[in-house]
Amino acid sequence: MATAKFGSIPDADIDPNGVFKYVLIRVHDTEDDSSKDIVRGYAWAEYHADIYDKVSGELERAGGVDCECLGGGRIKHDSQAKKIHVYGYSMGFGKANHSVSTEKLQARYPDYEVTWADEGY
């Protein structure tokens, strides 16, 4: 069950172009046992933890939720070709479930070709 808290949290937020790290985060409602998985990927991040720390900090400071990192990887986003490819893993958090991540990205970018692979770093 999705709570009203989750309505303002986008399922996916990634940079518009390039190759960059991403994390899959589970956001838990602290008042019940509901949760929502979100994808965040940014080129500014040197480490996967940089993304997780920033996003989880902002969400938790807003109140009512706790965050947990489910893993990470990389995203290659080509907005001109309308393609997103998800692959790789995070040294610190392990590999995210790329099928869940691509599902979230496909919903956010319905006119894109979104693919994933377990190969690569």
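Applying the criterion of being of a type in the set (A, V, I, L, M) and not in a strand (DSSP E or B) to the residues of region 1-14, the residue that is modelled with the lowest pLDDT is M1. List every residue pair whose Cβ atoms lie under 7 Å apart, where the two residues are 6 or more positions apart in sequence or sit on different chains, the first residue falls within region 46-65 and is part of a helix (DSSP H, G or I), and the second residue, located anywhere, is open to solvent by 60 Å² or more (accessible area, probe 1.4 Å). Taking only residues 6 or more apart or on different chains, the pairs are H48/G92; H48/F93; A49/G92; E60/D66. Among the conditions (1) surrounded by 15 or more Cβ atoms within 10 Å (Cβ to Cβ); (2) charged (D, E, K, R); (3) in contact with a Gly (Cβ under 8 Å, 6 or more places away or on another chain), R40 misses just one, which is (3).
For residues in region 73-121 being in contact with a strand residue (DSSP E or B) (Cβ under 8 Å, 6 or more places away or on another chain), part of a loop (DSSP other than H, G, I, E, B) and among the acidic types (D, E), which is farthest from D13 (Cα to Cα)? By that ranking, first place goes to E119. You will find that of D33, D29, D37, the residue that is of a type outside the set (G, A, S) and under 27 Å from E113 (Cα atoms) is D37 and no other.
G71 - would you say it is of a type in the set (G, A, S), in contact with an Asp or Glu (Cβ under 8 Å, 6 or more places away or on another chain), closer than 24 Å to A107 by Cβ and open to solvent by less than 50 Å² (accessible area, probe 1.4 Å)? Considered against the rule, which asks whether it is of a type in the set (G, A, S), in contact with an Asp or Glu (Cβ under 8 Å, 6 or more places away or on another chain), closer than 24 Å to A107 by Cβ and open to solvent by less than 50 Å² (accessible area, probe 1.4 Å), G71 comes out as no. Scanning region 15-37 for residues being part of a strand (DSSP E or B), in contact (Cβ under 8 Å) with a residue 40 or more places away in the chain and surrounded by fewer than 21 Cβ atoms within 10 Å (Cβ to Cβ) gives a total of 6.
The values are calculated or read from the model by the stated rules, or taken from the named source; none is laboratory data. What you see is a predicted model, and the numbers here were worked out from it, not measured in a lab. So basically every Cβ, Gly included, is an ideal-geometry build from the backbone, and we count neighbours across all protein chains shown. Accessible surface is based on the protein model in full, side chains and every heavy atom, while ligands, DNA and RNA are left aside. Shrake-Rupley method; radii C 1.70, N 1.55, O 1.52, S 1.80 Å.
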